[in-house]
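Everything on this sheet refers to the single structure shown next.
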Amino acid sequence: MSLTANNDVEKRVLEYVLTHASPDLMERISSEEKTIQGCWKYVTSYARKHAANNQYCMTDEEAFGLVMHYFEDEPEGATYKTAEEKQAEEDARKSAEEREAEAKRREEERLAALTPEEREAEERAKAEAEAERKRIEAEAKAKREAEEAERRKKELERKIREQAKREAEDRKRKIAEAQLTFAF
């Protein structure tokens, strides 16, 4: 298991987890990227959300309940969200879905009002726009590939120069050593 504790609080949390987690949960904890530090961050995040005057008091039962909740349900780095925050996120998601559905409905109505010639012209324009988008993407990809090839070429040239320099230095060193040996 990769759970480690760095201070007394984390040691107490770790001890609780080790003594209260089921074997299945311990196996899941071992295979996931959850930490005691992430757990403690989750618990303190909960306390901050519920604090009044920057203070919050919780029972051991509540704190250790949050500890187990973190390891049982929450992803790494999770922070507690209040019911109001969850509701706001859900409302925003629904609102976005409603706007998307409304836009789709308006587009369908607009298309239904077109004559066959207008629909054909619009489909041609869409096909041309898609072809242009693909052409631009292909050009951008070719440019990126050319830049990458140029970068690799320069890197290879740099390595060749460095290797040649090292080899020249080695030859000079060997010549100098040979001259010293010959001088004696």
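Some notes on this structure:
- In segment 76-88 there is at least one residue that is surrounded by 10 or more Cβ atoms within 10 Å (Cβ to Cβ), touching a residue at least 24 places away in the same chain (Cβ under 8 Å) and at positive phi.
- Condition check for ALA96: hydrophobic (A, V, I, L, M, F, W, C), exposed (fewer than 10 other Cβ atoms within 10 Å of the Cβ) and at pLDDT below 90: no
- Answer from GLU72, GLU122, GLU130, GLU76 - the residue that is more than 26 Å from the chain's Cα centre (by Cα) and either at pLDDT below 90 or under 30 Å from LEU25 (Cβ atoms) (or both): GLU122
- Evaluated against (1) under 29 Å from the mean Cα position of the chain (by Cα); (2) within 30 Å of ASN6 (Cα to Cα); (3) surrounded by fewer than 10 Cβ atoms within 10 Å (Cβ to Cβ); (4) not polar (S, T, N, Q), CYS57 falls short on exactly one condition, (1).
- Of all residues in segment 1-58 being β-branched (Val, Ile, Thr) and not in a loop (DSSP other than H, G, I, E, B), the one that is farthest from ASP73 (Cα to Cα): VAL9
- Residue check, GLU137 of a type outside the set (Lys, Arg), surrounded by 10 or more Cβ atoms within 10 Å (Cβ to Cβ) and under 31 Å from the mean Cα position of the chain (by Cα): yes
- Residue that is surrounded by the fewest Cβ atoms within 10 Å (Cβ to Cβ), among those in segment 1-39 that are more than 12 Å from PHE71 (Cβ to Cβ) and of a type in the set (A, V, I, L, M, F, W, C): VAL9
Here's the yes/no breakdown for (1) of a type in the set (Lys, Arg); (2) more than 30 Å from HIS50 (Cβ to Cβ); (3) exposed (fewer than 10 other Cβ atoms within 10 Å of the Cβ); (4) out of contact with any Pro (no Cβ under 6 Å at 6 or more places or on another chain):
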| position | (1), (2), (3), (4) |
| --- | --- |
| GLU109 | no, yes, yes, yes |
| PRO116 | no, yes, yes, yes |
| GLU123 | no, yes, no, yes |
| GLU132 | no, yes, no, yes |
| ARG151 | yes, yes, no, yes |
| ALA176 | no, yes, no, yes |
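The values are calculated or read from the model by the stated rules, or taken from the named source; none is laboratory data. Keep in mind the model is a prediction, meaning the values are calculated, not measured. A quick note on method: Cβ atoms are made from the backbone with ideal geometry, for glycine too, and the neighbour counts reach across all protein chains shown.
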